Amino acid sequence: MGNARETPLRGRAAAGLGALVLGAALSACSGSDGSKRAEPPDASGGQDPGAAVPATHPFNGGKTGLRGPVLAVKIENTRPAMPQSGVSAADIVYVEQVEGGETRLMAVFSSKLPRRVGPVRSARISDLHILPQFGRPAFAFSGVQSKMKKHIRAAPVYDISQDNGGSAYFRAGPHPIPYNLYA
């Protein structure tokens, strides 16, 4: 059996996610830090529309979302942020340890996309070790330390962070910042 890069999901990452998931298009213009932002691939993910569709979804064995794009969202996983939204719709959930022994979730969506997900939190270097197995997924996160920005730009992901996602991100609920950011 091949790895995730060899599956028909390759290249479908972020296929129209700006419009389909978060309602925000990625800008082709330069960012405030001089970086270029990539346009997402078309809805087919750059694949031949006549290509064979797998019989079951490679993430969950289901029959829906077989050509779905891949969206990864960094989610808070501490008591002050509970309850979380959208996690139950994820095909795959990673639990990542961060500083102070706390954890964050990396929720990976493809077969179905949640209406709301969060609280969204910041990216970590460990995310960049997980995400390449999904080809070039869209990656939603609240921000990143300045020293990590160059690594995000170089990673095989579509950056749909709070900085690039525009109105796709919003604050809601009774929790204070940073526990109330959703996409």
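The table below lists the values:
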{"read-out": "Amide H partners (placed H, <5 Å) of SER161, local residues excluded", "value": "PHE141"}
{"read-out": "Rounded accessible area per residue of segment 63-183, 1.4 Å, Å²", "value": "46 Å²"}
{"read-out": "Segment 71-182 - Rg over Rh from alpha carbon coordinates, Kirkwood radius", "value": "0.92"}
{"read-out": "Long-range amide H partners of SER85 with built H, under 5 Å", "value": "GLY118"}
{"read-out": "For segment 164-174, Karplus couplings with θ = phi - 60° (6.51, -1.76, 1.60), whole Hz, Gly/Pro x", "value": "9, x, x, 6, 5, 9, 8, 9, 8, x, x"}
{"read-out": "Carbon/sulfur fraction of accessible area - segment 74-124, other protein chains in place, 1.4 Å, %", "value": "48 percent"}
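The values are calculated or read from the model by the stated rules, or taken from the named source; none is laboratory data. None of these values were measured; they are calculated from a predicted model. For accessibility, only protein heavy atoms count, side chains too; no ligands or nucleic acids. Shrake-Rupley method; radii C 1.70, N 1.55, O 1.52, S 1.80 Å.
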